[in-house]
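Student: Once you've had a glance at the structure underneath, I'll fire off some questions.
The values are calculated or read from the model by the stated rules, or taken from the named source; none is laboratory data. Given the structure is predicted, the values throughout are model-derived calculations rather than measurements. Neighbour counts are summed over all protein chains in view; Cβ atoms, including those assigned to glycine, are modelled from backbone coordinates with ideal geometry. Just so you know, the surface numbers come from the protein's heavy atoms only, side chains and all, with ligands and any DNA or RNA stripped out. Shrake-Rupley method; radii C 1.70, N 1.55, O 1.52, S 1.80 Å.
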Amino acid sequence: MIELLKNLIRIKSDNIEGANAALLFCKSWLEERGIAPVLYEHHAKFILFAEIGSGEECIIWNGHVDVVPGNPEQFIPYLEGDLLYGRGSADMKAGVAAMMQAFYELSLAPQKLTKKVQLHIVTDEETSGDTSKFLVDQGFHGDFVICGEPTQLHIGLQAKGIVQLDIVLKGKPSHGSRPWEGINAIEQAFQFDQEIRKLSFLSARNALYDYPSLNLAKIHAGERFNVVPDKCVLSYDIRFVPGQQADSIIKEIKHAASSHFPTSNVIIHSIAPAVTTEENNEYVKKIQQITSILTERPTKLFGQHGSADTRFYAETGVGAIEFGPSGADWHGEKEYVLISAVQQFKQILVSFILE
């Protein structure tokens, strides 16, 4: 399994061609062990689907082989004690390798499988997530989903939803030497940013989250020193807590914009629902118990501030969690995963299916 992980790290999968190559490697690895995956293609991006077992119950393991861009040396894995370094080692080729190994081991004992297990490996989680969405749209959403993201072997029970939008502020141009004759759209943008931070949606909280987040991600305005800018575009990335509704947040923002700046415009780029898996979910309780016994410490439930492909499965109403091995510095220069945690994660997956 660790050699499998090293080989995956060596594949420079920080673009679609590389991610497709990594997925084909996974396909070949499984085929060499008597498993017959199905290869899908969606917008030139490959997707792997495999299934073992039988029965009414279906558990899905989801993983991605694409990674964020890295330097060439980051694709050369190396060990220091229990730590395996390399781009994607934690996020999340370790999760993929453990899932593949667990899937293979389970396939050797079909008589013990009282439920179906599906393996979903995708190629664009770090960008759009279209490939996991494609599988869900085909009806592959099961009864419970584990996305093997790095979580230190604790359970990412819920995840914030997403609203990404632009606010277009419109002013009036004039000569830069006579700014009083114009209306400066950048100055309007400053005022709007102060107003949006007063809105009530930012005070929401629940048991796992103290607040939503608001990130002013981009500002575009102005072309010349000697012209008062007549247009400014603010781009916001909002992560709202489970229990909030994207429509209500957008309505509140639009009202604030139109009230203070009647000529402004709100452009919605992306909306994704929050993941709202409950802690009393029978699968959550089962995997929490198995993990606590194997790791010999309590397994925590927590809320993710970011977003993973769990969001597509959760839209169908099934329970979905982020759960994977321990590591650190993913997306950073010294990304690593703990070998012992990868081995524990594999064993937890096997036990979760068989017990």
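Student: Take the conditions modelled with pLDDT of 95 or more and surrounded by fewer than 24 Cβ atoms within 10 Å (Cβ to Cβ) and apply them to residue 89. Does it pass?
Tutor: no
Student: Take segment 261-285 and flag every residue that is out of contact with any Pro (no Cβ under 7 Å at 6 or more places or on another chain), within 23 Å of residue 154 (Cβ to Cβ) and of a type in the set (S, T, N, Q).
Tutor: 277, 280, 281
Student: Please pick out the residue among 157, 153 that is under 30 Å from residue 235 (Cα atoms), touching a Phe, Trp or Tyr at 6+ places or on another chain (Cβ under 7 Å) and not basic (Lys, Arg).
Tutor: Just one listed residue meets the conditions, 157.
Student: Let me ask something else. Do we find a residue being in contact with a Leu (Cβ under 7 Å, 6 or more places away or on another chain), part of a helix (DSSP H, G or I) and small (Gly, Ala, Ser) anywhere in segment 103-121?
Tutor: Scanning segment 103-121, I find no residue that is in contact with a Leu (Cβ under 7 Å, 6 or more places away or on another chain), part of a helix (DSSP H, G or I) and small (Gly, Ala, Ser), so the answer is no.
Student: From the list 30, 39, 84, which residue is crowded, with 17+ Cβ neighbours inside 10 Å, part of a strand (DSSP E or B) and in contact with a helix residue (DSSP H, G or I) (Cβ under 7 Å, 6 or more places away or on another chain)?
Tutor: That would be 84, the only listed residue that is crowded, with 17+ Cβ neighbours inside 10 Å, part of a strand (DSSP E or B) and in contact with a helix residue (DSSP H, G or I) (Cβ under 7 Å, 6 or more places away or on another chain).
Student: Of (1) at pLDDT below 95; (2) outside any loop (DSSP other than H, G, I, E, B), residue 55 satisfies all except one. Which?
Tutor: Condition not satisfied by residue 55: (2).
Student: Restricting attention to segment 138-148, does a residue exist that is modelled with pLDDT under 95, touching a helix residue (DSSP H, G or I) at 6+ places or on another chain (Cβ under 9 Å) and open to solvent by 30 Å² or more (accessible area, probe 1.4 Å)?
Tutor: Checked segment 138-148: at least one residue is modelled with pLDDT under 95, touching a helix residue (DSSP H, G or I) at 6+ places or on another chain (Cβ under 9 Å) and open to solvent by 30 Å² or more (accessible area, probe 1.4 Å).
Student: Among the residues of segment 338-355, which ones are among the hydrophobic types (A, V, I, L, M, F, W, C) and within 16 Å of residue 102 (Cβ to Cβ)?
Tutor: The answer is 339, 341, 342, 345, 348, 349, 350, 352, 353, 354.
Student: Scan segment 252-264 and give yes if some residue there is of a type in the set (S, T, N, Q), assigned to a loop (DSSP other than H, G, I, E, B) and farther than 27 Å from residue 311 by Cβ, otherwise no.
Tutor: Yes, the conditions are met somewhere in segment 252-264.
Student: Right, another one. Hey, any hits in segment 180-194 for a residue that's at pLDDT 95 or above, open to solvent by 20 Å² or more (accessible area, probe 1.4 Å) and either closer than 20 Å to residue 315 by Cα or among the basic types (Lys, Arg) (or both)?
Tutor: Taking every residue of segment 180-194 in turn, none turns out to be at pLDDT 95 or above, open to solvent by 20 Å² or more (accessible area, probe 1.4 Å) and either closer than 20 Å to residue 315 by Cα or among the basic types (Lys, Arg) (or both).
Student: Got at least one residue in segment 230-241 being more than 28 Å from the chain's Cα centre (by Cα) and open to solvent by less than 90 Å² (accessible area, probe 1.4 Å)?
Tutor: The answer is yes; a qualifying residue exists.
Student: If you check every pair at least six apart or on different chains, which have Cβ atoms under 6 Å apart with a residue in segment 342-355 that is over 14 Å from residue 148 (Cβ atoms) first and a residue that is open to solvent by 30 Å² or more (accessible area, probe 1.4 Å) second?
Tutor: Matching pairs, first to second residue: 354/112.
Student: If I filter segment 199-219 for residues that are part of a strand (DSSP E or B), open to solvent by less than 50 Å² (accessible area, probe 1.4 Å) and within 30 Å of residue 324 (Cα to Cα), do I get at least one hit?
Tutor: For segment 199-219, residues part of a strand (DSSP E or B), open to solvent by less than 50 Å² (accessible area, probe 1.4 Å) and within 30 Å of residue 324 (Cα to Cα): present.
Student: Scan segment 64-81 residue by residue and report those that are open to solvent by 40 Å² or more (accessible area, probe 1.4 Å) and not β-branched (Val, Ile, Thr).
Tutor: Within segment 64-81, 69, 71, 72, 73, 78, 79, 80, 81 meet the criteria.
Student: Still on this structure, I have one more. Residue 346 is checked against (1) over 23 Å from the mean Cα position of the chain (by Cα); (2) open to solvent by less than 40 Å² (accessible area, probe 1.4 Å) and fails just one. What number does that condition carry?
Tutor: With respect to (1) over 23 Å from the mean Cα position of the chain (by Cα); (2) open to solvent by less than 40 Å² (accessible area, probe 1.4 Å), residue 346 is out only on (1).
Student: If you don't mind, another one. How many residues, within segment 92-133, are open to solvent by 40 Å² or more (accessible area, probe 1.4 Å) and either over 19 Å from residue 354 (Cα atoms) or β-branched (Val, Ile, Thr) (or both)?
Tutor: Looking only at that region, the number is 6.
Student: Go through segment 309-338 and report how many residues are in contact (Cβ under 8 Å) with a residue 60 or more places away in the chain, surrounded by fewer than 24 Cβ atoms within 10 Å (Cβ to Cβ) and of a type outside the set (Phe, Trp, Tyr).
Tutor: 12
Student: Does residue 57 satisfy being out of contact with any Leu (no Cβ under 8 Å at 6 or more places or on another chain) and free of Cβ contacts under 8 Å to residues at least 40 places away in the same chain?
Tutor: When the stated conditions are applied, residue 57 does not pass them.
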